[in-house]
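In what follows, a single structure is set out as C-alpha cells and then discussed.
The values are calculated or read from the model by the stated rules, or taken from the named source; none is laboratory data. Just so we're clear, the structure is a prediction, and the values are computed from it rather than from any experiment. Because the Cβ atoms are built from the backbone with ideal geometry, glycine has one as well, and the counts that use them run over all protein chains shown.
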Amino acid sequence: MTKIKALIFDLGNVLIYFDWKIAREKLNQFEPELGEKTTRYLKENKQLIYNLECGKISEDEFLTAIKGSVNSSLTKEELAKIYSEIFWENSELTKHLPTLKLNYKLYLLSNTNKIHRKYGWDGYNFLKNFDRLFLSYEIGFAKPDREIYEFVLSNIPFKKDEIIYIDDIPEYIEAAKKLGWNAIQFKNNELLIDELRKFGVNL
C-alpha cells in the first residue's frame with residue numbers, strides 16, 4: 001500500500017455540522033412564514049445556489065434575488081447573517097487535526113460561498129491546521145464537477161494514491177474514486193477513525 005501523505009477534508013457535515021432549520025426558524029421570527037417562503041424559493045432555484053458557490057454571481061446578486069422573491073423587509077446583511085448562522089463544530093473530530101498535522105498535509109475542499117465564509121465558519125480556530133483551503137467559489141467549479149478535483153490535484157505536491165478524501169455525500173465520494181482517489185464517506189467520527197486506520201493513518 002502506498003504511504004498516505006495528505007488528507008483532504010470536506011467542511012459541511014464533516015468538520016462542522018449545519019441545520020437549515022435554524023435559519024428557517026429565525027426568519028419566521030422576523031416575519032410569519034418567511035422561513036418557509038425562503039426555503040421553497042431556494043429549493044426551486046438550486047441553480048442560484050450553484051452559481052453562488054461557483055463564484056458566477058456575487059453575494060449581492062444572490063441576496064437581492066432572495067429578497068425580491070420573498071418580498072421581505074430584512075436588510076441584505078440581516079439575511080446574510082441568518083442564512084449563515086447555522087453551523088456548529090464537530091469538535092470530536094477537529095480535536096484530532098493538530099495531531100494529524102504532525103504527519104500529514106491537511107487540505108480542505110468545500111462547496112461553499114463568500115456569505116457562509118464571512119458570516120458562518122471563517123472564525124473557527126481549527127482552520128489554522130490546514131495547509132490550504134480549496135473553496136468552490138474561488139475555483140469556479142463545485143463538487144461533483146470533475147474540474148474541481150483536477151484543480152486540487154494539480155495544486156498539491158502529491159499523487160492521487162498518496163491522498164485520502166473525506167466527504168459525507170456519496171456522489172462526491174464516487175466522483176473522487178472515479179478519478180483514482182482514495183476516498184472515505186463520512187458517517188460518524190468513530191467509523192471515520194476506523195477507516196483511516198485501515199489506510200495506515202493513526203490518530
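For this structure, a couple of remarks:
Residues are listed down the side, and each one gets a yes or a no for (1) hydrophobic (A, V, I, L, M, F, W, C); (2) touching a Ser or Thr at 6+ places or on another chain (Cβ under 7 Å); (3) closer than 25 Å to residue 47 by Cβ:
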{"residue": "72", "(1), (2), (3)": "no, no, yes"}
{"residue": "77", "(1), (2), (3)": "no, no, yes"}
{"residue": "84", "(1), (2), (3)": "no, no, yes"}
{"residue": "87", "(1), (2), (3)": "yes, no, yes"}
{"residue": "93", "(1), (2), (3)": "yes, no, no"}
{"residue": "100", "(1), (2), (3)": "yes, no, no"}
{"residue": "103", "(1), (2), (3)": "no, no, no"}
{"residue": "109", "(1), (2), (3)": "yes, no, yes"}
{"residue": "112", "(1), (2), (3)": "no, yes, yes"}
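- Selection from the stretch 50-69 of residues that are part of a helix (DSSP H, G or I) and either basic (Lys, Arg) or touching a residue at least 60 places away in the same chain (Cβ under 8 Å) (or both): 50, 52, 53, 67
- Pairs, first assigned by TED's automatic domain parsing to the domain that holds residue 49 in the stretch 137-150, second of a type in the set (Asp, Glu), C-beta under 6 Å, six or more apart: none
- Selected residue (only one of 31, 25, 59, 36 is exposed (fewer than 13 other Cβ atoms within 10 Å of the Cβ) and more than 30 Å from residue 162 (Cβ to Cβ)): 25
- A residue that is within 27 Å of residue 2 (Cα to Cα) and surrounded by fewer than 17 Cβ atoms within 10 Å (Cβ to Cβ) occurs nowhere in the stretch 110-124.
- Search result, residues across the stretch 70-106 that are small (Gly, Ala, Ser) and either in a loop (DSSP other than H, G, I, E, B) or over 15 Å from the mean Cα position of the chain (by Cα) (or both): 72, 73, 80, 91
- Members of the stretch 152-176 found to be surrounded by 18 or more Cβ atoms within 10 Å (Cβ to Cβ) and either modelled with pLDDT under 95 or assigned to a helix (DSSP H, G or I) (or both), listed by number: 152, 172, 173, 175, 176
- Every condition in (1) surrounded by 17 or more Cβ atoms within 10 Å (Cβ to Cβ); (2) modelled with pLDDT of 95 or more; (3) touching a helix residue (DSSP H, G or I) at 6+ places or on another chain (Cβ under 7 Å) holds for residue 92 except the one numbered (1).
- Where a residue in the stretch 20-45 is of a type in the set (Asp, Glu) and its partner, wherever it lies, is part of a loop (DSSP other than H, G, I, E, B) and surrounded by 17 or more Cβ atoms within 10 Å (Cβ to Cβ), with Cβ under 9 Å and at least six apart: 31/72; 31/74
- Failed condition for residue 146, given (1) out of contact with any Pro (no Cβ under 6 Å at 6 or more places or on another chain); (2) over 19 Å from residue 56 (Cα atoms): (2)
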